[in-house]
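Q: What follows is a structure written as structure tokens; I'll ask about it next.
Please treat every number below as a calculation from the coordinates, not as lab data. If you're wondering where the values come from, they're calculated on a predicted model, not measured in any experiment. Note that we place each Cβ from the backbone using ideal geometry, even for glycine, and neighbour counts take in every protein chain shown.
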Amino acid sequence: MKIYFLSVLRVIFPVWIILLIGIETVFAQSQKFEEPFQILNYPQEFLPGWFGNEIRSTTSRIFQDSNSGRSGSKSLSVQPISTFNGVIWIKLTPAQFENPQAIFFAKSSRNGTGSRPAQVFFAWGEELDGEFSDLVQIGSDAEFANDDQDYRRFTLPVPMELIGKTEIFLRLEIRYGPGSGSAARWMMDDFEFGDIITDELPPQIQEARGFGPKSVLVSFSEPVDPVFSILPLAYELGGENPEKVELKADSVAVLMMENDLQDEKSYGITVRQIPDLEGNFLQDTTIQFSFYDPTEIPEKTLVLNELMPAPRADQDLPNVEYIEIYHAGDDEVRLEGIRLSNSRSETILDDLWLKPGEYLVLAPENQAVLLRQYGKVFPVREWPTLLNSGDHLTLKAVGGSLIDQISYSTASWRESEFANGGFSLEVPNSDYQCDNSVLLMPSIDSVRGTPGKQNSVRKGNEVTPLPVLENAWFQDSLTVNLTFSEPVFSRIEKKNIVFSPSLEIDSTYFSAGDRLVIYLKSPAKESEIYRLEISGIKDCWGNDLDKVGISKLILSSRPQPGDVILNEVLFDPKSGDPKFVELRNTSKKFLNLDSWALANFDDFGKPDQIREFGKEGLILNPEGYLAISTDINRLKLSYPKSASGNLLQIPLLPSYPISGGTVVLISPEGKIFETFTYNEDFHHPLLRDSKGVSLERISHFSEASLPSNWQSASGNEDFGTPGRKNSQIIEGDLNGNMIQIEPEVFDPEGSSGPAFASIQYQLDQTGWVGTFQIYSVGGQLIQTLAQNQVLGTSGIFTWTGTDSAGNRVRMGYYVLVVELYEPSGRTNLIKKTIVVADRL
């Protein structure tokens, strides 16, 4: 057993906040500093039995400090400056005690950026205005450094010659210490005067819990020996000794393990033979605890809940920028290492534990004291100054993962009087799991802000329809994009994303609230059909979505020349109907049309009025069709057979005049992929009215620039086939034939099938000159389709069943005569029969 006893000029070493278990204390006097200070100076009392040389109602000189006591209570604070040292006299009555001592808790708090400590001295005397003993410093200059400390317990024994006196005085002097700049602020709480008898009880383990990914915090019931308590052999966790032990406070040890610990796993920790400061040894003790890493902070656990970017000096709130954080999660977290940044700078937060449901006000280090009356305040070094005009703030965990982010602009205040009036910006609902930026509102509190408490614009959870998956597509072989109908909560586990056939996921990222990006470890296969299923997604209010997915997810190909063609054009629609342009995929591949566009030509032959139609994820199926228009619902009414066709609506098409123009297809690189220069004369000569009749491409093997490769859509097919197979089309190639006619029997009225005959040719080389003519069976020339025309290796001509005057011929047999001349002198004469019918 050890007795607490010291002579007049000695101080018992400080101990931490937690009181020693088993100490028996008899107190005659105590002061908690909860009663208001009287603004009265020495020799008048500001509290019963307490005197000060300069008492203030503000945060200067000697004052009562709100929320800075040991348990968030009030404290006595002294701020020494170059022209002021604080002096406090305390009246005590030791006569009734055998071994009286003054006991109190004290600490320093950072004030500004200076390096000066607060030096604290004490002396004893018998009279308030009489002589006192020589001043003795408590500890060294570093005892109360200009830093944010924890409260420590100090004991001052009464000198032997003063024991038994009816009345004595303790004098404390708080001086402006050596160094540069500002000095620390000194704080006192829970002052007691009386007898402390003995401590015979050993320390106990109060708690064990996670401290980091591979560290555990062990707290004891009282201060422990600083040497024994850091011996790794004194601890055992899961059968292993820690690599290192650090004493964070004199009753708190942190065990550093070699390997990461497992979340939600129950561990047993054994502590052996650690004494307290009086030599009472802890018996070997084993306790169980469930581990979690308090530095692993999931997204939206901490919410950037309120911002004060533009405070004003003439308002009720202090003229201080602040950021309020609200803990919306389920477990206590540690803030050490968290990165707070804005658009211009980043700062790293110091260590602090924050409990679920707590508010924390972050403020510049040298001004944080001004906000202490409003709640829990955290001084931030290297404060990222908030821009009045707008800024983007992020809060990131130690590993760099996003915890929360928010953006604001002058528009966030709704009106200029709020933007310039010293109003904070508040989040309406801290339970909202998505980006709160667009929801920010100016405070409606009477003091224009609510630091440290529930926001004044607080709203309840909204009931909204669950989001749906709107689109999914491969951006490239290693990247999949998904968009939802509204924002969803961005936390999703890789195991909840399943591809079939299987694709291994590397990581996920929400590039916006409604877009999920999935990165793959190995590339997907081109044109293979995948199925995607995702579970565990929540909306912004925490509601679970059912499993979402897509049954047809395809890595499409980049179109090559000839893969995508201009296939059909309606440039003269009926009154009230829209125009349209149709594309065709001639390949066996799925084609990516992202960022493709339509255009026309200006007077100088340059692409003009470029209208992008290729939205993200737009795929054209193999041998598929896509009609692009400004009103697809009206298009379906006018062309009912195309109601199930592949149609795409865009806001505006380029200008395609009725009399004639050019349709231009533009690739994502801005290059001209194909053009079609049309004219109203391209329509069938027997067509009485071409309004509402589209021009269809006859063969994709022939150039779009050939007028003979275009013909009016059949009346049997609504005079237009947007988004589906053309009514006038030749499939396949010539299969080795030099001349091929399709069909060999046709009705110029188009009663059933094409209203013309297509005449395709295929030659072995360029340079041939050809004449194509139609004769009656009696040898009369009916019409010349081409006269001594230089031919390419392939091409097409059409005969519409009319003569050279444009009149329809009679039913019957006709003969196509083709004369071919090769430059070397070789000639070829070919004759084929064509039948003109009536209503097939």
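Q: How far is it, in nm, from the label point at ASP330 to the one at GLN149 when both lie 7 Å from their Cα along the line to the Cβ?
A: Modelled inter-label distance: 4.0 nm.
Q: So who's got an amide H within less than 5 Å of the one on PHE510, skipping anything under 5 residues away but keeping other chains? H placed 1.01 Å off N, in plane.
A: Residues meeting the amide H criterion: VAL517.
Q: Then there's this: Charges at C-beta only: +1 for Lys and Arg, -1 for Asp and Glu. How large is the resulting dipole of the chain about its Cα centre, in Debye rounded to 20?
A: 2580
Q: Related question: What list of ³J(HN,Hα) values in whole Hz, one per residue of segment 417-431 in order, does the Karplus curve 6.51 cos²θ - 1.76 cosθ + 1.60 (θ = phi - 60°) give from phi, with Gly and Pro shown as x?
A: 5, 7, 4, 9, x, x, 8, 7, 10, 10, 8, x, 8, 6, 7
Q: Charges on Cβ only, +1 for Lys and Arg, -1 for Asp and Glu, centred on the Cα centroid of segment 469-554; of ALA472, ALA524, SER511, which one is farthest towards the dipole's positive end?
A: Of the listed residues, the answer is ALA524.
Q: Is there a pair in LYS525/LYS588; LYS552/LYS691; LYS248/LYS376; LYS453/LYS494 whose C-alpha atoms are over 27 Å apart, and which pairs would that be?
A: Where the Cα-Cα span goes over 27 Å, the pairs concerned are LYS552/LYS691; LYS453/LYS494.
Q: Report the local net charge at ILE269: Lys and Arg +1, Asp and Glu -1, summed over other residues whose C-beta lies under 12 Å from its C-beta.
A: -2
Q: At a Förster radius of 60 Å, what calculated FRET efficiency corresponds to the Cβ-Cβ distance of GLN649 and ILE81, to the nearest 0.05?
A: 0.25
Q: Could you tell me which of rounded, prolate or oblate describes segment 556-729, using a ≥ b ≥ c as the square roots of the eigenvalues of the alpha-carbon gyration tensor, with rounded for a/c under 1.5 and, failing that, prolate when a/b is larger than b/c and oblate otherwise? Don't jump to the answer; show the numbers that get you there.
A: Details: a/c = 1.38, a/b = 1.24, b/c = 1.11.
Rounded.
Q: Given the Cα-Cα distance of ASN481 and ALA411 and 0.36 nm per residue of separation, how much length would full extension add, in nm?
A: Gain in length upon complete extension: 22.1 nm.
Q: Additional query: In nm, give the distance between the simple-model label positions of SER804 and GLU612, each being 7 Å from the Cα along the Cα-to-Cβ direction.
A: 5.4
Q: What's the center-to-center distance, using Cα atoms, between segment 798-840 and segment 230-291 in Å?
A: If we compute the Cα centre of each part, the gap is 101 Å.
Q: Using the Cα gyration tensor of segment 733-840, with a ≥ b ≥ c the square roots of its eigenvalues, what is the shape: rounded (a/c below 1.5), prolate (a/b larger than b/c) or oblate (neither)?
A: prolate
Q: When DSSP assigns beta bridges and you keep just the ones with both residues in segment 733-840, what percent turn out antiparallel, to the nearest 5?
A: 95
Q: Next question, about the same structure. Contour minus end-to-end for GLN373 and SER751, with contour as 0.36 nm per residue of separation and end-to-end as the Cα-Cα distance?
A: Length gained between GLN373 and SER751: 127.0 nm.
Q: Taking amide H positions as placed in the peptide plane 1.01 Å from N, state which residues far from LYS589 in sequence (5 or more) or on other chains have amide H under 5 Å from it.
A: Amide H neighbours of LYS589, under 5 Å, 5+ apart: GLU623.
Q: Explain nothing, just compute: Karplus ³J(HN,Hα) = 6.51 cos²θ - 1.76 cosθ + 1.60, θ = phi - 60°, for every residue of segment 605-611 in order, whole Hz, x for Gly and Pro.
A: x, 9, x, 9, 6, 6, 10
Q: From the phi of every residue in segment 284-291, what ³J(HN,Hα) in whole Hz does the Karplus formula 6.51 cos²θ - 1.76 cosθ + 1.60 yield, where θ is phi - 60° and glycine or proline is x?
A: Result, rounded to whole Hz: 4, 10, 10, 10, 9, 8, 9, 7.
Q: Tell me the relative contact order for segment 733-840 as a rounded percent, counting alpha carbon contacts under 8 Å between residues six or more apart.
A: On the way: 250 pairs, mean separation 32.1, N = 108.
Reported as a whole number, the value is 30 percent.
Q: Between segment 424-456 and segment 605-622, how far is it from one alpha carbon centroid to the other, in angstrom?
A: Cα centroid to Cα centroid, the span is 43 Å.
Q: Taking the dipole about the Cα centre of the chain, with the C-beta of Lys and Arg at +1 and of Asp and Glu at -1, give me whichever of ALA102, VAL252, GLN780 is farthest to the positive side.
A: Toward the positive end, the furthest listed residue is GLN780.
Q: If you work out Rg/Rh (Cα atoms, Kirkwood Rh) from the coordinates, which of (1) 0.96; (2) 1.01; (3) 1.26 do you get?
A: (3)
Q: Would you compute, from DSSP H runs of 4+ residues alone, the mean residue ellipticity of the chain at 222 nm, taking -39500 (n - 2.57) per run and dividing by the full residue count, rounded to the nearest 500?
A: The per-residue figure over the chain is -500 deg cm²/dmol.
Q: Do you know the relative contact order of the chain, to the nearest whole percent, from alpha carbon pairs under 8 angstrom that are 6+ apart?
A: This gives 6 percent for the chain.
Q: Okay, next question. Want the number for ASP350 to MET811: 0.36 nm per residue separation, take away the alpha-carbon distance, what's left?
A: Net length gain for the segment: 156.3 nm.
Q: Then there's this: Sort 692-698, 45-51, 623-629, 243-249 for me by packing, meaning the mean count of neighbouring Cβ atoms within 10 Å per residue, highest on top. Could you put the intermediate results ahead of the total?
A: Numbers: 692-698: 24.4, 45-51: 17.0, 623-629: 22.1, 243-249: 15.1.
Output ranking for 692-698, 45-51, 623-629, 243-249: 692-698, 623-629, 45-51, 243-249.
Q: Given a Förster distance of 60 angstrom, what is the FRET efficiency for GLN262 paired with ASN679, based on the Cβ-Cβ distance and rounded to 0.05?
A: 0.20
Q: Here's another thing I want to ask about it. Can you give the FRET efficiency to the nearest 0.05 for SER500 and ASN621, using r as the Cβ-Cβ distance and R₀ = 22 Å?
A: So the FRET efficiency works out to roughly 0.65.
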